[in-house]
1. Working carefully through the options A:Ala316, A:Ala309, find the one that is without any contact (Cβ under 8 Å) to a residue 12 or more places away in the chain, within 30 Å of B:Met213 (Cβ to Cβ) and either not assigned by TED's automatic domain parsing to the domain that holds A:His287 or not acidic (Asp, Glu) (or both).
2. Output the number of the condition that C:Gly275 fails; it satisfies all remaining conditions of (1) within 27 Å of D:Ser183 (Cα to Cα); (2) without any contact (Cβ under 8 Å) to a residue 60 or more places away in the chain.
3. Just to be sure before I move on: is B:Ala158 within 13 Å of the chain's Cα centre (by Cα), within 14 Å of chain A (Cβ to nearest Cβ) and under 27 Å from B:Glu274 (Cα atoms) in the structure I sent?
4. With the requirement that a residue be in contact with a Ser or Thr (Cβ under 9 Å, 6 or more places away or on another chain) and among the basic types (Lys, Arg), what does the range C:64-116 give you?
5. Yes or no: the range B:235-246 includes at least one residue that is crowded, with 20+ Cβ neighbours inside 10 Å, in a loop (DSSP other than H, G, I, E, B), at positive phi and not basic (Lys, Arg).
6. Restricting attention to the range B:187-234, and to residues there that are hydroxyl-bearing (Ser, Thr, Tyr) and surrounded by fewer than 18 Cβ atoms within 10 Å (Cβ to Cβ), which single residue is farthest from the other protein chains (Cβ to nearest Cβ)?
7. Grab the helices (runs of 4 or more DSSP H) fully contained in the range B:249-352, keeping just those with 2 or more residues being under 14 Å from the mean Cα position of the chain (by Cα) and more than 14 Å from chain A (Cβ to nearest Cβ).
8. Identify the single condition in (1) among the hydrophobic types (A, V, I, L, M, F, W, C); (2) crowded, with 24+ Cβ neighbours inside 10 Å; (3) more than 22 Å from the chain's Cα centre (by Cα) that A:Ala67 does not satisfy, given that it satisfies every other one.
Protein chains: 4
Amino acid sequence: MSETPHVRVAIVGVSGYTGAELLRLLHDHPYAEVTKLCAHSTAGRSVAEVLPSFRGLIDGTIDAFDASAVAEVADVAFTALPHGASAGAVRALRDKGVIVFDLSADFRLKDLDTYTEWYGDHQAPGLFGAGVYGLVELSRDKLRAADLVAVPGCYPTATVAALAPLLNEGLVDPNSLIVDAKSGVSGAGRKASLHTHLPEAAGGIRAYKAGGMHRHTPEIVQALSSFAREPLRLTFTPHLVPMTRGILVTAYADLASSEVDAQRCHAAAEAFYEGSPSIHVLPAGTHPDTLWVKGSNRLHLAYAVDARARRVVAQASIDNLLKGAAGQAVQAFNVRFGYPEGTSLMSPGAWP
Amino acid sequence: MSETPHVRVAIVGVSGYTGAELLRLLHDHPYAEVTKLCAHSTAGRSVAEVLPSFRGLIDGTIDAFDASAVAEVADVAFTALPHGASAGAVRALRDKGVIVFDLSADFRLKDLDTYTEWYGDHQAPGLFGAGVYGLVELSRDKLRAADLVAVPGCYPTATVAALAPLLNEGLVDPNSLIVDAKSGVSGAGRKASLHTHLPEAAGGIRAYKAGGMHRHTPEIVQALSSFAREPLRLTFTPHLVPMTRGILVTAYADLASSEVDAQRCHAAAEAFYEGSPSIHVLPAGTHPDTLWVKGSNRLHLAYAVDARARRVVAQASIDNLLKGAAGQAVQAFNVRFGYPEGTSLMSPGAWP
Amino acid sequence: MSETPHVRVAIVGVSGYTGAELLRLLHDHPYAEVTKLCAHSTAGRSVAEVLPSFRGLIDGTIDAFDASAVAEVADVAFTALPHGASAGAVRALRDKGVIVFDLSADFRLKDLDTYTEWYGDHQAPGLFGAGVYGLVELSRDKLRAADLVAVPGCYPTATVAALAPLLNEGLVDPNSLIVDAKSGVSGAGRKASLHTHLPEAAGGIRAYKAGGMHRHTPEIVQALSSFAREPLRLTFTPHLVPMTRGILVTAYADLASSEVDAQRCHAAAEAFYEGSPSIHVLPAGTHPDTLWVKGSNRLHLAYAVDARARRVVAQASIDNLLKGAAGQAVQAFNVRFGYPEGTSLMSPGAWP
Amino acid sequence: MSETPHVRVAIVGVSGYTGAELLRLLHDHPYAEVTKLCAHSTAGRSVAEVLPSFRGLIDGTIDAFDASAVAEVADVAFTALPHGASAGAVRALRDKGVIVFDLSADFRLKDLDTYTEWYGDHQAPGLFGAGVYGLVELSRDKLRAADLVAVPGCYPTATVAALAPLLNEGLVDPNSLIVDAKSGVSGAGRKASLHTHLPEAAGGIRAYKAGGMHRHTPEIVQALSSFAREPLRLTFTPHLVPMTRGILVTAYADLASSEVDAQRCHAAAEAFYEGSPSIHVLPAGTHPDTLWVKGSNRLHLAYAVDARARRVVAQASIDNLLKGAAGQAVQAFNVRFGYPEGTSLMSPGAWP
């Protein structure tokens, strides 16, 4: 074990929820050494004050971001910054030779016009397209040589994981995809608003950006399109659920033929994810519960078939901050550096 | 006002959540006099002990159910009993001439074979088919002469309200219906189980009976079929959400033509529910939140169109215990007896 | 009934949680007519947009506050404004002859130095001391002639209600008072912050302003002192609980003698609150649950005695927005104008 | 590291919440090997089915308890069984030479009459008194030779940790102790009841066993008495809070002299817990939040002084399932076997 080279890592944007999870996973990681913590609004404050769960464990202070200072002490940076703002930081880090795992949307899309349409002008167009999309189970080979990893969005991770095996085997009609997603409130980040104010968020559920207006739509379509032989017709609707963590995706598709049943879908997923330590296909009749994956990097899948209506109901659950963000980033890091894919990621969450 | 005849009412099954809401609404009702409260497991106990929110307001005791005793003091009974058990009680009450508003599923379906397939043997087959389906906005005329009202299920109420206007005007393809529903835990009734145990229910979301296995499916199909010119193909998936009250239905359908937009759907619903005091169609871009209807008999609707995928996303929110159960029953009662439809039902809930 | 004169009322600060509850109660009130709604940040917007639970019920728009405009259409104003800001508005209204029920802290204290110490400079010192403290059960006589009512704080209401009967009969030692209070998050108002951001508020409980630093401390001491023959020694600690509504006060006091038992405390409270429609003393062994009073103006009390330690444990639960704010204001309004004290206030909340 | 001897451990009662946490901690423990999992009602079922968070991680099946079978494969057993039932299992295991960490109350008290008064007849009276009370920070020396460890209750852990340093230095009056404790619902175990049914538990807070009736009272008194020079007068009131995990203790005591301030209390605790990796004394003005310790074995302490009332307000927060149960058991195990005290216990929880 002592022969494995350690990698020095920085976390940029550590004071948000994703940053905190990156810190937790990387602090425990046997081959990573956390050497730098950066954030904007909390710069100068101690980790214990900003992230009280680390009190007594991490004594340091959070620094303002400076690419040169990061490059001096770190080989790798995990950037957990807002969309738009991230691109500039990533470019600065790449210019200094730092390998970057970027958790924003800035390097996920392949088409610049699509990016501009959904996110506005890109802040580092010269680097656009340079990122390897880091949905690990779909891109292990590419990740091994990646110097810029675009860590997928939380909704795309769960959605693509659920539907890719079905499209890949031609079990469903690409023209018929409906994705109804439910997310805990931590997905909105560590930014207070009335939408997330406990009295207005704890007692109800609601959709948002209904009508295909959510920015993860093009990312989902892009990732799934490579598995379909024809253009997708996909509607994606996210919902805000009164809980802190978790995403449940319930995806619907018409069966490609009357021979397809739940067992066939299950088998397709089992085969697709064979050897993937983070994905589990649950037994028939089981419904993934986000509680079961909370605090872990796991993704639970299950398939039910509505025989009357000849549709499949694909269900996927993740912790949005882990397999949907920080966990997936560390998983990609493990693949990139040749560590066992589940390093620092195999613990179940604290249940319940 | 003093000329309006009062009606004497009994509540059978008062100790559950729906029973408690019936009691609240009918106690405040200016033309109803609550004369009898019955329940099985809590018979002999005081209302204040079983339903602590009524302490100081209602001094009586809960009786065991006896149809003759009910008929002696009541003209009308609201039965909030489990499916299967309700039919026998309803028959006994009807035999004594009591007008019944039944909140179980026992008299909702029109086809006995379908009932048997989903619920098992019917306990009062002679009365099967005698109920008027009480989704008030769809059946006001029939309700005026009804002596047995089958109060709709919570999921069907929200689903049918959302989709009926679209099917009625031929705006959507009946072959393409997906209903993704989310319910608070009170929908499971006042019966403890691990599924509803706070530690296992408060921190996650999950589907149940995925694959078209939920008993409300045939009820939804039956109610919507009358608005469609061809057989429906509909998939219904309920989910359990970590909150006490509320149902949000997110329903998806392919647009019948490229001319249909959100405004057209909105207008269809506005027209369909004109003069209905309990249903509000929200402005474009608004997403119904179950919090906004909690504690009230209101139903909020909104329509978004996914122009890329040519689908409508219909959203409906209700309080499952009110417009989804007790409120709708009282609304039907008002129509039956010629009172203003919103009597005792117009207050907004206590928000937030 | 038609002989009872109606009173025209305005609500100033309607867009917060207390304002919304005032609107709900007064809209339903048979002798009040709501003629004006004011707020600062939401001026110009429709009620339905700002308070979605009123959609379809109240069509108006919210106005900016102007005392003259209020005085033109209203006899009475309920002011639900922040401490400090309220005094000026109240003075302007009083100058125009409007009777005011003020829900801020600006007129609750009797000693100006104490006010200044805890709240800073008073904005209407000429009016300081003119308010009648509106804890209804303690001040009915004074309220009948009041033109400025200082509606009590939420914590003082529950605390004083629990302890006053015991101090009044000399059952406990005034030197030994500990008040441990637990509040839902709506007590923090409709103002987003990280403290109330669902991810950081829903999964934990914590004290705040421990060490006697909360501003309700002098109000509690002032109100209870009139029942004690010696100065109080009282420690008050509030906690933030992961729920929207409700306050539970658990108060501790040494028994004045070994003869005092739970039954004696219970009897003292029963006698003290005889004829009070909003207060219920629960049977021995029952523990008040804030759920049971949620959405209602009720206050539940219970007393347990720790015989080993010779202490009483007094428990009181209220809905902080109702008996702790809007409900109590309307209750005081009823007393002021000679309406039955429980008018518009007797409904139980929607439970659960 | 490879020289450290591994210990083979069994978990008896693995299907409850404490059992699940024991499994999580011991599965990750570098010096423990989990060789046997037992439970009563779930015997014969797979771990993945009973504890879905372990799916894909632990493939085994749960066995019925048999002391001989445990002794064959395990050197150590952690017993997480109900009070009363545990004693018999512990005796059987000790008879076979198995070292036992018992998480029930059966071996915590030192006085058999007290045990009988609060819990009924003891099922292994010959072994009563043989347990070492395992509040690790108070009993490291004794634990090193212990073959039967009585892991403390959750409330006593937080309470004793908060008050012991103050009593130990004579800073507070032992005659004046009030302990107001708040617990998440997982403290009630994995057993469904109406008290823990989400609709009745999620929307309110309430005390239970008020008046000194909770069984943890004698345990707290026993543990604290060794630090006081006179008998304690202590009142303990637990509350059920609408959240899954966490205990917050707010304890009150009269200051022994007017010289004692918050800094003095803070310093006493700092000194008392020096070198204790699980306990952190927070800076002045900070309020421990159970969210900050959720999922970890940490205990946060803080002291505020109410100068007006001359009292200290001591606050302690823990995760009831970790430092309050499974974590403390593993901590005691580490001390017993000479491993670093924080082995497998230092990770912060997944926050938020």
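1. Being without any contact (Cβ under 8 Å) to a residue 12 or more places away in the chain, within 30 Å of B:Met213 (Cβ to Cβ) and either not assigned by TED's automatic domain parsing to the domain that holds A:His287 or not acidic (Asp, Glu) (or both) holds for just one of A:Ala316, A:Ala309, which is A:Ala309.
2. For C:Gly275, the failing item is (1).
3. Numbers: within 13 Å of the chain's Cα centre (by Cα): yes; within 14 Å of chain A (Cβ to nearest Cβ): yes; under 27 Å from B:Glu274 (Cα atoms): yes.
It is true that B:Ala158 is within 13 Å of the chain's Cα centre (by Cα), within 14 Å of chain A (Cβ to nearest Cβ) and under 27 Å from B:Glu274 (Cα atoms).
4. C:Lys96
5. Within the range B:235-246, the subset crowded, with 20+ Cβ neighbours inside 10 Å is B:235-246.
In the following step, the residues that additionally are in a loop (DSSP other than H, G, I, E, B) were identified as B:241-246.
Of the ones still in play, those that are also at positive phi are B:246.
Subsequent filtering for residues that are not basic (Lys, Arg) retains B:246.
Yes, the range B:235-246 contains at least one residue that is crowded, with 20+ Cβ neighbours inside 10 Å, in a loop (DSSP other than H, G, I, E, B), at positive phi and not basic (Lys, Arg).
6. Here is the first cut: in the range B:187-234, the residues hydroxyl-bearing (Ser, Thr, Tyr) are B:193, B:196, B:208, B:217, B:225-226.
Pick out the ones that are also surrounded by fewer than 18 Cβ atoms within 10 Å (Cβ to Cβ) and you get B:193, B:208, B:225-226.
On the way: B:Ser193: 5, B:Tyr208: 6, B:Ser225: 13, B:Ser226: 19 Å.
Here the answer is B:Ser226.
7. Working: elements: B:262-272, B:290-293, B:326-337.
Filter on the range B:249-352 gives B:326-337.
8. Unmet for A:Ala67, out of (1) among the hydrophobic types (A, V, I, L, M, F, W, C); (2) crowded, with 24+ Cβ neighbours inside 10 Å; (3) more than 22 Å from the chain's Cα centre (by Cα): (2).
The values are calculated or read from the model by the stated rules, or taken from the named source; none is laboratory data. Keep in mind it's a predicted model, so treat the numbers as computed, not measured. So basically every Cβ, Gly included, is an ideal-geometry build from the backbone, and we count neighbours across all protein chains shown.
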